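A short write-up of the structure that comes next.
The values are calculated or read from the model by the stated rules, or taken from the named source; none is laboratory data. Bear in mind the structure is a predicted one, so any value in this text is a computation, not a measurement. Note that we place each Cβ from the backbone using ideal geometry, even for glycine, and neighbour counts take in every protein chain shown. Note: accessible area is taken over every heavy atom of the protein model, side chains too, but ligands, DNA and RNA are not part of it. Shrake-Rupley method; radii C 1.70, N 1.55, O 1.52, S 1.80 Å.
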Amino acid sequence: QSKIIDNLQSQIKWLCHKFFKGYKSNGKATIFDDLFVEYKELNNENHTQYTIGKYGIKEMKDDHVAYSTNSHIVFLPCSLILGIGIDEIGVSKDLVGCCSPIYKTYKINTNILLPSFFNFYANFYFNEVKRFITQKSTRREFEFDYKALHKICFNIPSIETQGEHAKLLETFMQKLQKEKDILSLYKKQKAYLLKNLFI
């Protein structure tokens, strides 16, 4: 089962590399400011707090208290959220919430970019251009240099191509999650058998 999971992860990595490396600019690359608009919305509403990490946006379930937007940054659907470190990237497709004020939130221009596509593309692309958009830090090995970030360009395919690639990658990700769930069940079965066989 672990080999099945490893094989799927390798296939996903290969597909991302094949897709994302193959996009051509046709002489007109899209700049950061055409794709994203930075915003910080303040109001009196409370929102569920989310954190941004290596695996994207995750709800803070350890504390169910809603956080005021006066001290947190609000994000709306179709948002790009960047944390301090290069691995702290999240793409919100249908979530509304708030996160730490140390994060940056950007509204995605959905006329050019599909959030479902960018959810896969973001980590790959930012890792590719890491040396251009990060700076050394005492807190982390790399941190975003936001001035440099706004100068970078993206080779973005058509909306149709984005949808096709996102759909295929999502199919692989769903298959991967199913196999991980099966592995989890196997581990529970193993623990149960070991517990009962050696009583």
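Of note:
- Residue 160 - accessible surface, heavy atoms, 1.4 Å probe, Å² rounded to 10: 120
- Bridge type composition, the chain - antiparallel percent by DSSP, nearest 5: 95
- Carbon/sulfur fraction of accessible area - the stretch 129-175, other protein chains in place, 1.4 Å, %: 53
- In degrees, nearest ten, helix 2-21 long axis to first principal axis of the chain (Cα): 20
- Its DSSP H runs of at least 4 residues, each contributing -39,500 (n - 2.57), put the calculated 222 nm mean residue ellipticity of the chain at -14000 deg cm²/dmol, to the nearest 500.
- For the chain, size of Cβ-based charge dipole, Lys and Arg +1, Asp and Glu -1, in debye: 840
- Here is the list for the stretch 127-199: chymotrypsin sites (Phe, Trp or Tyr not before Pro) lying in DSSP coil, each with at most 10 other C-beta atoms within 10 angstrom of its C-beta, are 198.
- On the principal axes of its alpha carbon atoms, the stretch 117-199 extends 64, 43, 13 Å, with the longest extent given first.
- The amide H of residue 47, built 1.01 Å from its N in the peptide plane, has 67, 69 as neighbours under 5 Å, considering only residues 5 or more places off or on other chains.
- Normalising by residue count, the stretch 56-199 has a Cα convex hull of 177 Å³ per residue.
- Whichever aspartates and glutamates have a C-alpha closer than 17 Å to that of residue 188, once near sequence neighbours (fewer than 8 apart) are set aside: 179
- Sites residue 76 and residue 132, calculated FRET efficiency, Cβ-Cβ separation with R0 41 Å, nearest 0.05: 0.90
- When you filter the trypsin sites (Lys or Arg not before Pro) in the stretch 115-159 for DSSP loop state and at most 10 other Cβ atoms inside 10 Å of their Cβ, you are left with 139.
- Dipole magnitude of the stretch 139-179, debye to nearest 20 (Cβ charges: Lys/Arg +1, Asp/Glu -1, about Cα centre): 140
- Between residue 57 and 91, the built amide H atoms are under 5 Å apart, and every one of these is 5 or more places off in sequence or on another chain.
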